[in-house]
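Heads up, the thing below is written out as structure tokens.
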Amino acid sequence: MAMTWVWSGMVILSLIFGLFTGNLDAVSAAALEGAGSAVKLGVSMAGVLCLWSGVMEIMNACGLSAALARAFRPLLRRLLPDACRDPETLAAVSANVSANLLGLGNAATPLGIQAARRMARGCGGVASGELCTLVVLNTASIQLIPATVGSLRSAMGSAAPFDILPAVWLTSILSVTAGLSAAKLLSLADRRRL
């Protein structure tokens with residue numbers, strides 16, 4: 001709801017300033033140009049996202065994503081011991097982390113929501129420390145293949161859209177480390193306070 005007010009305010013302010021400065025034609029031309037660019041970007045990204053979604057389906061069909069999810073289970077059991085006692089929650093969290101690892105945020109979101117719903121049962125409306133850790137893992141995910149960023153770079157004309165891989169790997173490892181450390185520290189502080 002807040003973003004509705006922000007975007008509406010920006011449009012209204014643009015129209016007011018365009019009217020007072022005599023540049024209302026330029027404002028309307030920029031709005032139309034921006035809308036056209038958004039459609040072009042959306043169409044060009046759709047192809048790349050379909051490609052990576054297809055790759056994910058092939059990985060699911062051949063069992064590679066399940067193997068990747070199994071590889072993460074020992075680590076997830078240490079990070080989320082209570083949630084991992086339920087096999088369905090563990091499967092959803094593992095699949096979520098695997099999809100995020102492959103840079104498939106669109107595929108990871110439903111899995112993350114499913115895991116969060118299962119973890120929120122019995123919390124009484126207050127997020128547990130493990131649920132907060134899941135949100136951190138989902139938000140600051142480590143990505144081996146940043147498919148969405150690569151598709152954006154490709155759509156914008158980059159000759160080598162995946163030349164950013166080392167930077168993505170380093171920043172995603174640092175962000176996950178910082179996020180998990182903060183989640184654990186805040187969880188410990190919350191336990192001591194109680």
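Between Ile145 and Asp82, what FRET efficiency comes out of the Förster formula 1/(1 + (r/R0)^6) with R0 = 22 Å and r the beta carbon distance, rounded to 0.05? All intermediate terms of the calculation are to be shown ahead of the outcome.
On the way: r = 31 Å, r/R0 = 1.40.
In this case the efficiency is close to 0.10.
For the chain, what is the calculated [θ] at 222 nm in deg cm²/dmol (nearest 500), taking -39500 (n - 2.57) for each run of four or more DSSP H residues and dividing by its residue count? Walk me through the intermediate numbers first.
Working: 8 runs with 155 residues, N = 194.
Value at 222 nm, helices only: -27500 deg cm²/dmol.
Just to be sure I understand the curve: with the Debye formula and one point per C-alpha of the range 86-194, what is log10 I(q)/I(0) at q = 0.12, 0.16, 0.21 Å⁻¹?
-0.49, -0.77, -1.10
To test your reading of the geometry: what angle, between 0 and 90 degrees and rounded to tens, separates the Cα axis of helix 24-62 from the longest principal axis of the chain?
The helix 24-62 is inclined about 30 degrees to the chain.
Quick one: with all protein chains in place, what share of the accessible area of the range 51-173 is carbon or sulfur, to the nearest percent (1.4 Å probe)? Mind dumping the intermediate values first?
Values: 4330 of 6590 Å².
Carbon with sulfur: 66 percent of the solvent-accessible area.
Work out, step by step, the length gained on full extension between Leu64 and Asn23: first 0.36 nm times the residue separation, then minus their alpha carbon distance; give nm to one decimal.
Numbers: separation 41, 0.36 × 41 = 14.76 nm, distance 5.63 nm.
Between Leu64 and Asn23, full extension yields 9.1 nm more.
Kindly express, to the nearest 10 degrees and within the range 0 to 90, the angle between helix 2-21's C-alpha long axis and the longest C-alpha principal axis of the chain.
20 degrees
How many Å² of accessible area per residue for the range 37-148, probe 1.4 Å? Present the calculation step by step, with values, prior to reporting the outcome.
Numbers: 5980 Å² over 112 residues.
For the range 37-148, the per-residue accessible area is 53 Å².
Using a 1.4 Å probe, how large is the accessible area of Lys40, given in Å² and rounded to the nearest 10?
150 Å²
Just to confirm the number: angle between the C-alpha axis of helix 87-101 and the first principal axis of the chain, 0 to 90 degrees, nearest 10?
Tilt of helix 87-101: around 40 degrees.
If you count only protein heavy atoms and use a 1.4 Å probe, how large is the accessible surface of Leu51, to the nearest 10 Å²?
100 Å²
Computed from the coordinates I sent, percent of Cα pairs over 29 Å apart equals one of (i) 25; (ii) 42; (iii) 30. Tell me the label.
Answer by label: (ii).
Remind me, what semi-axes does the range 1-106 give for its equivalent ellipsoid, largest first in whole Å, using sqrt of 5 times each Cα gyration tensor eigenvalue?
Details: eigenvalues 427, 79, 12 Å².
Each semi-axis is √(5λ); the values are 46, 20, 8 Å.
The values are calculated or read from the model by the stated rules, or taken from the named source; none is laboratory data. As the structure is a computational prediction, the values presented were derived from the model and not from experiment. As a convention, Cβ positions derive from the backbone with ideal geometry for all residues, glycine included, and neighbour counts pool all protein chains shown. The area values use the complete protein model at the heavy-atom level, side chains included, leaving out ligands, DNA and RNA. Shrake-Rupley method; radii C 1.70, N 1.55, O 1.52, S 1.80 Å.
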